[in-house]
1. Note down all Cβ pairs under 7 Å where the first residue falls in segment 212-227 and is more than 14 Å from residue 46 (Cβ to Cβ) and open to solvent by 50 Å² or more (accessible area, probe 1.4 Å), the second is away from ligand 1 (no atom under 15 Å from the Cβ) and part of a helix (DSSP H, G or I), and they're at least six residues apart or on different chains.
2. I need a count of the residues in segment 121-155 that are away from ligand 2 (no atom under 16 Å from the Cβ) and either aromatic (Phe, Trp, Tyr) or touching a Lys or Arg at 6+ places or on another chain (Cβ under 7 Å) (or both).
3. Quick check on segment 10-38: of everything there that is in a loop (DSSP other than H, G, I, E, B) and more than 8 Å from ligand 1 (Cβ to nearest atom), which residue is farthest from residue 59 (Cα to Cα)?
4. Might you check whether a residue that is polar (S, T, N, Q) and within 16 Å of ligand 1 (Cβ to nearest atom) occurs anywhere in segment 91-101?
5. Could you tell me which residue of segment 87-96 is farthest from ligand 2 (Cβ to nearest atom), considering only residues that are surrounded by fewer than 19 Cβ atoms within 10 Å (Cβ to Cβ) and assigned to a helix (DSSP H, G or I)?
6. Restricting attention to segment 28-68, report how many residues are touching a Ser or Thr at 6+ places or on another chain (Cβ under 7 Å) and charged (D, E, K, R).
7. Would you check which residues across segment 45-75 are within 16 Å of ligand 2 (Cβ to nearest atom) and either touching a Pro at 6+ places or on another chain (Cβ under 8 Å) or at pLDDT below 95 (or both) and list them?
8. Can you find, within segment 192-207, the residue that is farthest from ligand 2 (Cβ to nearest atom) among those that are more than 18 Å from the chain's Cα centre (by Cα) and closer than 17 Å to residue 129 by Cβ?
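The values are calculated or read from the model by the stated rules, or taken from the named source; none is laboratory data. Small disclaimer: the values here were computed from a predicted structure and weren't measured. Note: ideal-geometry Cβ built from the backbone for every residue, glycine included; neighbour counts use all protein chains shown. SASA here: full protein model, heavy atoms, side chains in, ligands and nucleic acids out. Shrake-Rupley method; radii C 1.70, N 1.55, O 1.52, S 1.80 Å.
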Amino acid sequence: MKVAILGGGAMGNVLAQMTEEKEGFELAGVIEPLKGQTPDELKEIDVIIDFSNPANLEMLDGYCRNHSCPAVIATTGYEEQQIKQIEKLAESVPVVFSANYSLGINVMKRVISEITPILEDSFDIEIIEKHHNKKLDAPSGTAKMLLAAADEENDYEHVFGRDGNRKRGKEIGVHAVRGGTIAGEHTVIYAGNDEILEIKHTAGSKKIFAAGALKAAEFAASAQAGFYNMEDVLFGLQK
Ligand SMILES: NC(=O)C1=CN([C@@H]2O[C@H](COP(=O)(O)OP(=O)(O)OC[C@H]3O[C@@H](n4cnc5c(N)ncnc54)[C@H](OP(=O)(O)O)[C@@H]3O)[C@@H](O)[C@H]2O)C=CC1
Ligand SMILES: O=C(O)C1=N[C@H](C(=O)O)C[C@H](O)C1
C-alpha cells in the first residue's frame, strides 16, 4: 500500500520511518506544507495520513476529493466548522478521524464512558493532560475526546484551565501541562469523599500513534466512503 504523509514534523518523521519498515507498505512521500509542497506532486497514493496542522485542511480536502483518496486524519486543534467539513468529505471518501491512534487511549475512552454515569453524582471529575513543550494546541485533542466520552448527556459545564475553586454541581475541569519531551499523558480523576479513582494513560513514545495510524490506513484503504474513528478500526464498526 502506498502511503503519503502530510506533515514532515515530529510525527511525520516517525511515521515515515515506520511506514518504510512495515511489510506491505511503501512510502509515497512526505509532504511539507510550510515548504510549499502539496500532495499533487505524488502519484498513485492509496491513502494519505495527516499529522500536520488545521491550516492544511483545504489542501487535504481538495486532494482527497479530486483523487478519491482515503484519508487518516490525526491532526488536532480543528474548529467546529472544520470538523463539519471533514464529515462532509467523508460522504465522498473513507475518512478515519481520531485525536489519538493508540490502543490504550481508545480502551480508556470506553472505560470512561462506562464508569462516569456510575460516579458522576457523588464524585468530582477532572482531566489533566501533559505534553511536550512544542505542542501548539491546548487542551489536547485527546483530552477533548475523553471529555466527550465522560459527558454523553452534555449537561456539564466545562472549565478549561481551571483557576480557583470548583463550583458545586456538574462541572468537569480540563488542565493542560506543557514541558520537555513528554509524548503524551492523560489522566481522568474521579475525586469523591475520602476516595480517589484515577484512570491514566502514558505514551512512552510517538511510535504508538504512528503504529495506530498505519492500522487505520489499512482499514481506510479498503473501506467504503464514511466517517470512521479509531474504535471502528480496532473493535469493529460502532453503531
Ligand atoms: N491523533 C494522534 O494520535 C496524534 C495527533 N498528533 C497531532 O498531529 C499534529 C502534528 O504533530 P507533530 O508532528 O508533533 O507537530 P510538529 O509541529 O512537529 O509538525 C507539524 C507539521 O505541520 C505543518 N505545519 C505546522 N504549522 C503549519 C501551518 N501554519 N500551516 C501549514 N502547515 C503547518 C508543518 O509542516 P512542514 O512539514 O512543512 O514543516 C509540520 O511538519 C498535531 O496536531 C498533533 O496534535 C500528534 C500525535 C498523535
Ligand atoms: O501533539 C501531540 O504530541 C499529541 N497530540 C494528540 C492530542 O492532541 O491529543 C495525541 C497525543 O496525545 C500526542
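1. The qualifying pairs are 227/87.
2. We begin by selecting, within segment 121-155, every residue away from ligand 2 (no atom under 16 Å from the Cβ); these are 121-126, 151-155.
Adding the requirement that they be either aromatic (Phe, Trp, Tyr) or touching a Lys or Arg at 6+ places or on another chain (Cβ under 7 Å) (or both) leaves 123-124, 155.
The total comes to 3.
3. 23
4. Taking segment 91-101 and keeping what is polar (S, T, N, Q), we get 92, 98, 100.
Retained after the next criterion (residues that are within 16 Å of ligand 1 (Cβ to nearest atom)): 98, 100.
Yes.
5. It comes out as 88.
6. Within segment 28-68, residues that are touching a Ser or Thr at 6+ places or on another chain (Cβ under 7 Å) and charged (D, E, K, R) number 2.
7. 52, 53, 55, 56, 75 - these are the residues of segment 45-75 that are within 16 Å of ligand 2 (Cβ to nearest atom) and either touching a Pro at 6+ places or on another chain (Cβ under 8 Å) or at pLDDT below 95 (or both).
8. Of everything passing the filter in segment 192-207, 198 is farthest from ligand 2 (Cβ to nearest atom).
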